[in-house]
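The values are calculated or read from the model by the stated rules, or taken from the named source; none is laboratory data. Model, not experiment: these values are computed from the prediction. Counting neighbours? That spans all protein chains shown, and the Cβs are built from the backbone with ideal geometry, glycine included.
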Amino acid sequence: MQALLFLVDTVIGFFCTLFLLRFMMQAMRVSFAGQIGSFVVALTNWAVKPLRRIIPGIGGFDWASLLAALALQLLLAIFLVAISGRDPGSDGGTLALMALWFALRSLLRLAIYILIGTLILQAVLSWINPYSPFAAPAHQLTRPLLDPIRRIVPLISGIDLSPLVAILLLQAALMFL
């Protein structure tokens, strides 16, 4: 049973990450023309394209991608309730709210982990290969988070500490979730 749970959690986590990455890339105006963008689009079009017929993009946000990620997290929550052995008929309303809270919290945590991973990737690439095909999307994805911090935290001897501050703030946000 643990192997099945691991497999389901891994597959759903992978696709939720891709759906959230697609949502975040479009929200931050990251180009989909590169390797990362085409990879994300190729692996998420199967769900996003049909959902866009029902849910249009409003306000520059790809709501279909976000809904697909939420639906997968809800599916995982329902799966977890089903294998836990609890009788879903006993208190369906409470279980539905718990599943929704689990899904929303999981999506928020995953979005924070994506940002932390992108900040670390951006920092490492700035030292190793700043012209990597991953550098520009990472910079575009983290720029809205780092720009306000850069206004407050100055460069110290030419070193930008804003990614470190951002990671600390994101870790604190994870503690609340």
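Tabulated values for the structure
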read-out	value
Single condition L170 does not satisfy, out of (1) out of contact with any Leu (no Cβ under 8 Å at 6 or more places or on another chain); (2) of a type outside the set (G, A, S); (3) modelled with pLDDT of 95 or more	(1)
Restricting segment 39-57 to residues that are under 16 Å from R29 (Cβ atoms) and aliphatic (A, V, I, L, M), the residue that is farthest from the chain's Cα centre (by Cα)	V41
Test: M24 is within 30 Å of S132 (Cβ to Cβ), touching a Lys or Arg at 6+ places or on another chain (Cβ under 8 Å) and among the aliphatic types (A, V, I, L, M)	no
Conditions (1) surrounded by fewer than 14 Cβ atoms within 10 Å (Cβ to Cβ); (2) under 19 Å from the mean Cα position of the chain (by Cα); (3) of a type outside the set (K, R); number of the one not met by P133	(2)
